[in-house]
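Asks: Next up is a structure, given as structure tokens.
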Amino acid sequence: MCGIVGYIGKQKALPVLIDGIKSLEYRGYDSAGFAVSTAGGVVKSKKAVGRVSNLELKIEEKDIRHGNAGICHTRWATHGGVTEENAHPHSDCKGELWLCHNGIIENYKDFKSDLARRGHTFKSETDSEVLAHLIEEFKTQDPALATEEAVRLALLSVRGTYGLALLDSKNPGTLIAARNFSPLLIGVGDGEYIIASDASAVLKHTKNVVYLDDGEMAVLTPKSHKIFDLKRNTINRKSEELTWDIEEAQKGGNPHFMLKEILEEPEAIENSIRGRIVAKEGLIKLGGILAVEEKLRNAKRILIAGCGTAYLAGKVGEYMLEEYGGIPVKIELASEFRYRKPIFREGDVMLVVSQSGETADTLAALAEAKQKGVLSLGIVNVVGSTIARQTDAGVYQHVGPEIGVASTKAFTSQVAILALLSVMLGRQRDMSVVMARRITEELSRIPELMKKIIKQSEAIKKLAKKYQPYRDFLFLGRKYNYPVALEGALKLKEISYVHAEGFSAGEMKHGPIAMIDKSFPSICIAPSDSVYEKMVSNMEEIKARSGPIIVIATEGNKKIEEITKDVIYIPKTLEMLTPLLAVVPLQLFAYHFGVLRGLDVDKPRNLAKSVTVE
Ligand code: F6R
């Protein structure tokens, strides 16, 4: 996702900034820019769409000789398209205050119209630029106000998340930083400081860092730093020594991106649903599909298409949208859909699901629908990707780049967005406010509940160790957790190269049960839901044939231990939301299983992150 680097100290700022921002390239981004102080007390800024190398092409010899303070940014678009205007840093009207911002200012529209009325002019469509003008406005209203105080007042006024670095042309000996639910740390060097959203950007210069906490600001000069909270309480925090190398830092200290991304799932869900639930009225506000809301009200059927894990998220969506959205749904493998002669009907809506937004088969399915004049929607993570551009409307996932080849946080985010969509469509039809509130309240709790599962990672690792000798696995689930069984099997096979098959547990008797014996374990997803008793019958059948069983069960269900001792407990939630929890232990199981086999889980053999060919 977006990356920030800021520098103040004895060196020329620009080379340090460019070097730092390059070490954040792994996070994915679509544009980049910098702003540096100059000897003349003016800030110089340049921006470019695309790679940092495009920005470097714009750097002239004289830029390198500019001042000793600056900020730099790589942007992963959220508000506004991928353009130079929308790239950071953003400035106020006078070009005096320059800032780089990670995160989302949720109520920026309220301020934007008010500031425009007061004569501020905006160059970009971003929420971040509004912050620059809001700080300027505080300074305009009270010209004696120090910039750090204007920043503090602005941050107290807005609602949202931020990692912030600010450069003031009138005071180039000072850099200001702030953090709220978006990481930011300060590298402490000898007569210099480097602010960064990620430790990889500071490691070349120093291993001493001070982490900012949420709701804190920092003011840096080349020789000193002070940290305080938004109530102006001073914070004395010692620096810590980083023990990571650059590659480890990019993984946030985790051994693999896959693990990092599983651990990020609670935050990913928060980012996917933030600002999209109007709790009081039980309504869902999805900005990207606002324009087609009326068409959705009249829609008669939804066709969902995707590949692999995205397809399986869509399959969970099929159950949700039919039960709660009150609309017939058909889920399609994009790779098959493109070669059938699909029959579209009046009132059909095509919904494609894709993390990368570039999957060739999914694009082909989308093209088929577009050619037939069907309204097309997308659930996509990568902003500005082909699918995002080609669909009529859509919802961005906002989970940041997924680097591990095996999709994890993108899956749960897609399911969460499908839950939002189900409530939205349901409310357009016959869902009561009470039911909508129940679902959205429970959805908002999911990040907390996920954290409880993540804490069991070591116990799951032990199970992965115990089951190492096996080379065949069956994954079984019913109803909402049937797609989760398929996803569990897909994760295990792609990461560990062992044979794993997912089935609807109801299909067991129709064939798969023939494989069961003591050498063929089953992983059963059996939360306490409407099909729990049926799952118990299936497990009894497996046990009767000496098949080892791991079960995912609901906390408090001790009775399940009469069937097997290998239980992973997940917290209780609404049945429709159990996939969001049940899939996490399966992802962790696949991860540990693969690592224990000594495999490169981030880059499984024969697979690519984005499948842009057929
Ligand atoms: C599995 C996996 C793949 C992708 C599939 C679709 O872990 O990552 O199955 O889900 O290739 O990719 P996107 O979502 O980019 O369209």
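Readers should treat all values here as calculations from the given coordinates under stated rules, not as data from a laboratory. From a predicted model like this one, the values you see are computed outputs, not experimental measurements. Using ideal geometry, Cβ is built from the backbone for each residue, glycine included, and neighbour counts are taken over all protein chains shown.
Asks: 5 Å is the cut-off here: which amide hydrogens, built 1.01 Å from N in the peptide plane, fall below it relative to LEU375, excluding neighbours closer than 5 in sequence?
Replies: Correct list: MET350.
Asks: Would you work out if the stretch 54-103 is rounded, prolate or oblate? Take a ≥ b ≥ c from the square roots of the eigenvalues of the alpha-carbon gyration tensor; rounded if a/c is under 1.5, else prolate when a/b is larger than b/c, oblate otherwise.
Replies: In terms of gyration-tensor shape, oblate.
Asks: Now, a different point. Take peptides 524-537, 161-174 and line them up by average Cβ neighbours within 10 Å, highest first, as a rough protection proxy.
Replies: Result, highest mean Cβ count within 10 Å first: 161-174, 524-537.
Asks: For Cα pairs less than 8 Å apart in space and 6+ apart in sequence, what is the mean separation divided by the residue count of the stretch 456-614, i.e. the relative contact order in percent?
Replies: 28
Asks: Seen from all sides and averaged, what is the projected area of the convex hull of the Cα atoms in the stretch 1-137, in nm²?
Replies: In nm², the orientation-averaged hull projection of the stretch 1-137 is 7.8.
Asks: Which percent of the Cα-Cα distances in the stretch 245-452 go past 33 Å?
Replies: 13
Asks: Quick one: compute the contact order of the stretch 293-377, relative version, from alpha carbon pairs under 8 angstrom and 6+ residues apart, as a percent.
Replies: That works out to 36 percent.
Asks: Pull up the DSSP beta bridges for the chain and report the antiparallel fraction as a percent, rounded to 5.
Replies: In the chain, approximately 60 percent of DSSP beta bridges are antiparallel ones.
Asks: Once the dipole of the chain is set up with Lys and Arg at +1 and Asp and Glu at -1 on Cβ about the Cα centre, which of TRP76, ALA178, TYR324 lies farthest towards its positive end?
Replies: My answer, from the dipole projection, is TYR324.
Asks: Same structure, new question: How large is the dipole of the stretch 161-244 about the Cα centre if only Lys and Arg carry +1 and Asp and Glu carry -1, each at its Cβ, rounded to the nearest 20 debye?
Replies: With Lys and Arg at +1 and Asp and Glu at -1, about 220 debye.
Asks: Taking amide hydrogens as modeled 1.01 Å from N in the peptide plane, which residues meet the under 5 Å criterion relative to VAL43, leaving out close sequence neighbours?
Replies: none
Asks: Let me ask you something else. Please label the shape of the stretch 3-242 as rounded, prolate or oblate, based on the square roots a ≥ b ≥ c of the eigenvalues of the alpha-carbon gyration tensor (a/c under 1.5 means rounded; beyond that, a/b larger than b/c means prolate, else oblate).
Replies: Cα axes put the stretch 3-242 in the rounded bin.
Asks: Another question, then. Give me the orientation-averaged projected area of the Cα convex hull of the stretch 35-76, in nm², one decimal.
Replies: It is 3.0 nm².
Asks: What FRET efficiency comes out for ARG597 versus ALA144 if R0 is 60 angstrom and r is the Cβ-Cβ distance? Round to the nearest 0.05.
Replies: Efficiency at R0 = 60 Å is approximately 0.35.
Asks: Please work out whether the stretch 193-318 counts as rounded, prolate or oblate from its C-alpha gyration tensor, where a ≥ b ≥ c are the square roots of the eigenvalues and a/c under 1.5 means rounded, while otherwise a/b larger than b/c means prolate and anything else oblate?
Replies: It comes out oblate by the Cα gyration axes.
Asks: Before anything else, pin down the relative contact order of the chain: Cα pairs under 8 Å, at least 6 apart, normalised by residue count, whole percent.
Replies: The value is 11 percent.
Asks: If you bin the C-alpha pair distances of the stretch 77-133 every 5 Å from 0, what whole percents do you get?
Replies: Percent of Cα pairs in each bin: 4, 22, 34, 27, 13, 1.
Asks: No solvent, one uniform scatterer per C-alpha: report log10 I(q)/I(0) for the chain via the Debye equation at q = 0.05 1/Å, two decimals.
Replies: -0.24
Asks: Apply 1/(1 + (r/R0)^6) to the Cβ-Cβ distance of GLU241 and LYS370, taking R0 = 56 Å, and write down the FRET efficiency to the nearest 0.05.
Replies: Plugging the Cβ-Cβ distance into 1/(1 + (r/R0)^6) gives 0.55.
Asks: Scanning the chain for helices, which whole DSSP H stretches are 20 Å or more long along the axis (Cα) and average 0.0 or more by Kyte-Doolittle?
Replies: Qualifying helices, which must be both long enough and hydrophobic enough, are 409-428, 433-454, 482-496, 578-596.
Asks: What translational D, rounded to a whole number of µm²/s, comes out for the stretch 529-600 from Stokes-Einstein when the hydrodynamic radius is the Kirkwood one over Cα pairs, at 20 °C and 1.002 mPa s?
Replies: Reported coefficient: 158 µm²/s.
Asks: Could you state, as a whole-number percent, how many of the C-alpha pairs of the stretch 456-614 are farther apart than 21 Å?
Replies: Here the tail beyond 21 Å accounts for 41 percent of pairs.
Asks: Follow-up question, since we're still on this one. What is the sum of charges, Lys and Arg at +1 and Asp and Glu at -1, for the other residues whose Cβ falls under 11 Å from the Cβ of TYR319?
Replies: -1
Asks: LYS543 to ARG340: FRET efficiency via 1/(1 + (r/R0)^6), r the Cβ-Cβ distance, R0 56 Å, to the nearest 0.05?
Replies: Approximately 0.85, to the nearest 0.05.
Asks: Also: Taking amide H positions as placed in the peptide plane 1.01 Å from N, state which residues far from GLY394 in sequence (5 or more) or on other chains have amide H under 5 Å from it.
Replies: Amide H to amide H, under 5 Å and 5 or more residues apart or across chains, GLY394 pairs with ILE289, GLY378.
Asks: Show me the ranking of peptides 256-262, 323-329, 400-406 by mean Cβ neighbours inside 10 Å, starting with the highest.
Replies: 256-262, 400-406, 323-329
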